[in-house]
Every structure is written in structure tokens, then in C-alpha cells.
Amino acid sequence: SSGINAEYGMEMTIVSAVVMSFIFSGSIVYCYLLQRRRLYHSTFKIFQASAGTYLIHCWLNAIYYCWYGAHGTAPRVLLMVSSFIEVVSCSCFLGLLLAFSNGYTIVSASLTLCGFGVLLTFTGFFSLLMFSCLVWEENVFDPAAVMYRYQSFPGYLLNGLYLPAWFYFIVNCICTGLRYSRKRKFYVALGLFYSIWLLALPLLVFAANSIIPDWLRMKTVGMSEQVVWLSSYVYLLIIFTPTQSNKQFPFHLRATKVDLESTKEPQDNNYLQETMVVTSRDRSPDQESRDYEEEEEEGSSATPVDNYADIFTVT
């Protein structure tokens, strides 16, 4: 199956590596801009960690397939390390989505004990099953057979895990959006896009195993999976864009405010229930930011975000 891998692997992985390079470079620029306004939250750091590890995964894959295409063989260790890094990246991304659905750093300074336990359970099982797929592919598959990682017992379990993860994600998006009306549009968009994303791979694998011929399955699923993952990073990078025109920008609480509130007892973690009372349905993100800024501690030296365009002004 290595030959069939190389057929599409070289072109697709190089394109993926280049696209991810632009995405990660953009996240570095956003990091600088958000830090200047103290909006550099831990969820954005998780996004950067996931994008950075996925970038390494893409470049290692590109090196492997270019080497294989040039010499007819390549060090298998490159592919193994790349796959292990992919497990880390994908697990971080799933954890980020589940944390977002709970409102972490968007409408809440911390996760509840139950929410953190569910998040840890999903990401733990996800990591374990992805790693099991790699071990199964390396040690159980017949090298002469045209098969891919999801044509295995751990692969079927992994695809099954996407369904409860999607259900938990969409229910939390609905509940959080209904509770905090200022963020309702954000959670509608987030829920719709990542519902498609979470369900795409299981449906694709089901269709591939049922309809697509054996010799095309690896190529079809591999390329489609790359497109699905790249689109997920592109979408998050778009909503993280700190401009006034971006109505989906999720962060309006200072990172220092979140850090301060997250050190309090759970019963004291209700500041957003007080600050997110809707006084006007037409308030812009910069007006929201000023409201949240008023909740800062006395004596804070931070200046309010009067206009998101100011974030791009280098002083």
C-alpha cells in the first residue's frame, strides 16, 4: 500500500504543509496583536499548539513521501513520528472545541468539574484510539493489502467516538448560546460548522467502506481527511481575527481577568452572569469590550479597547 500512498501523498502533503505554514504564521501575528491588548487566552494557546504540531506532522509526511518518490524507499520512522504528532495535534483540537462549547474563556473563566472530566475523558479515549489505529496499522495489516487505518477495530471505535463527541458539543453550544444572548450568533456559527466537521469523517469512512472500491479508499479518505482538517484550522483562524469587522471574534474579556477569576472558588465564578445582561441587541464588539473592561480591578493600567482597529496600530 506504500506505493498507492505515494501516489497522492507527495502532492497532498506538500500542499497541506504549505497551507498550515500560512495558518501557523497567521497565528503568530495574532498572538502578538492579542498580547498587546491582553486578549491572549489559553484557548488560543491550545489552538497554536494544535496548529504547530499539525504543521510538523504535515512537513514530516511531505519529507517522507518526497524521499519515497525519489528513492523508492524512505525511513519508516519519519512516518511513525509524524503519526504520533498527529495524535497530539488532533487531541488538542478536539479538547479545544469541547472547551469552547462549554464557554471557556468566552463566557466563563473556568470549566466546571463535570465539564473538565468529560473533556478529559473524550480527549483521552480519542488519543488512545488514534494511537491504537497506528499500532494496528503497523503490526496487524498485511503490507500487500490496500487498507488504511480506519479499516480496523480501533478505527471503527474511533469513528464511533465522534458521534457522542458531536452530541456533547452541539448540546453545549445550544445551551451556552441560549444562556448568553450576546454570544448566540457565535455559537450558532460554531455549532453548525463543527457539527459538519465532526460528522464528516465517520460518514466519509462509512461511504468509503460501502461504495468506493478497495484500491481507491485509501486515496479518497486520505485526501478528504486532509481537506477536513485544513478547513477546521482555517475557520478558527478566521474567527480569531482581531478586527472590528469580525463580528464572530470570541474574546471580549481580558486574559488577566480570566486568570484572576479562575483562581476563585466555583461559587464566585459568576461575573459574566452579571456583566452579560443584554441592554441592547445592537451593541458592537468594541462596545462589549468597553463593558467588560469596566469589570477590571481598581488600579489596572490597561487601556480600554475603544476600537478593534487599534489592535493593528503599532506604537
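The values are calculated or read from the model by the stated rules, or taken from the named source; none is laboratory data. This structure is a prediction, so every number in the text was calculated from the model and none was measured. Note: ideal-geometry Cβ built from the backbone for every residue, glycine included; neighbour counts use all protein chains shown. Surface areas here come from the heavy atoms of the whole protein model, side chains and all, with no ligands, DNA or RNA. Shrake-Rupley method; radii C 1.70, N 1.55, O 1.52, S 1.80 Å.
Pick from segment 94-113 the residues that are open to solvent by 20 Å² or more (accessible area, probe 1.4 Å) and among the hydrophobic types (A, V, I, L, M, F, W, C): which of them is farthest from Ser195 (Cα to Cα)?
Checked segment 94-113; the qualifying residue farthest from Ser195 (Cα to Cα) is Leu113.
Tell me which residues, restricted to segment 190-207, are surrounded by 16 or more Cβ atoms within 10 Å (Cβ to Cβ) and among the hydrophobic types (A, V, I, L, M, F, W, C). Step through it out loud before you land on a result.
Start the filter on segment 190-207 by keeping residues that are surrounded by 16 or more Cβ atoms within 10 Å (Cβ to Cβ), which leaves 190-191, 194, 197-198, 200-202, 204-205.
Within segment 190-207, Leu190, Trp197, Leu198, Ala200, Leu201, Leu204, Val205 qualify.
Out of curiosity, is Gln226 farther than 30 Å from Asn61 by Cβ and either open to solvent by less than 60 Å² (accessible area, probe 1.4 Å) or modelled with pLDDT of 80 or more (or both)?
Details: farther than 30 Å from Asn61 by Cβ: no; either open to solvent by less than 60 Å² (accessible area, probe 1.4 Å) or modelled with pLDDT of 80 or more (or both): yes.
For Gln226, the condition - farther than 30 Å from Asn61 by Cβ and either open to solvent by less than 60 Å² (accessible area, probe 1.4 Å) or modelled with pLDDT of 80 or more (or both) - is not met.
Quick one: in segment 140-172, which of the residues that are open to solvent by 70 Å² or more (accessible area, probe 1.4 Å) and at pLDDT 80 or above is farthest from Phe84 (Cα to Cα)? It would help to see each step written out before you state the result.
Just the residues of segment 140-172 that are open to solvent by 70 Å² or more (accessible area, probe 1.4 Å), to begin with: 140, 142-144, 153, 156-157, 163, 166-167.
With the extra rule that they be at pLDDT 80 or above, the set shrinks to 153, 156-157, 163, 166-167.
Numbers: Phe153: 19, Tyr156: 19, Leu157: 18, Leu163: 23, Trp166: 24, Phe167: 27 Å.
The qualifying residue farthest from Phe84 (Cα to Cα) is Phe167.
Condition check ((1) among the aromatic types (Phe, Trp, Tyr); (2) under 17 Å from the mean Cα position of the chain (by Cα)) across all residues:
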| site | (1), (2) |
| --- | --- |
| Asn159 | no, no |
| Tyr168 | yes, yes |
| Cys175 | no, no |
| Arg184 | no, no |
| Val228 | no, yes |
| Ile238 | no, yes |
| Gln244 | no, no |
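Quick one: count up the residues across segment 49-71 that are over 19 Å from Phe131 (Cβ atoms), free of Cβ contacts under 8 Å to residues at least 40 places away in the same chain and open to solvent by 50 Å² or more (accessible area, probe 1.4 Å).
Selection size over segment 49-71: 4.
For segment 1-13, does any single residue satisfy the condition of being more than 30 Å from Leu178 (Cβ to Cβ), in a loop (DSSP other than H, G, I, E, B) and in contact (Cβ under 8 Å) with a residue 60 or more places away in the chain?
Yes, the conditions are met somewhere in segment 1-13.
Over 28 Å from Thr241 (Cα atoms) and either open to solvent by 10 Å² or more (accessible area, probe 1.4 Å) or not in a helix (DSSP H, G or I) (or both): is that true of Leu78 in this structure? Let's see the steps before the verdict.
Values: over 28 Å from Thr241 (Cα atoms): yes; either open to solvent by 10 Å² or more (accessible area, probe 1.4 Å) or not in a helix (DSSP H, G or I) (or both): yes.
Yes.
Go through Leu192, Leu129, Leu134 for me and flag whichever is touching a Leu at 6+ places or on another chain (Cβ under 8 Å), in a helix (DSSP H, G or I) and under 26 Å from Ala207 (Cβ atoms). Walk me through how you get there before you give the answer.
Working: Leu192 fails: touching a Leu at 6+ places or on another chain (Cβ under 8 Å); Leu134 fails: touching a Leu at 6+ places or on another chain (Cβ under 8 Å).
The match here is Leu129.
Return the residues of segment 173-182 that are in a helix (DSSP H, G or I) and open to solvent by 10 Å² or more (accessible area, probe 1.4 Å); say none if nothing qualifies. Break it down stepwise before answering.
To start, the set of residues in segment 173-182 that are in a helix (DSSP H, G or I) comprises 173-179, 181-182.
Listed by number, the residues that qualify are Ile174, Cys175, Thr176, Leu178, Arg179, Ser181, Arg182.
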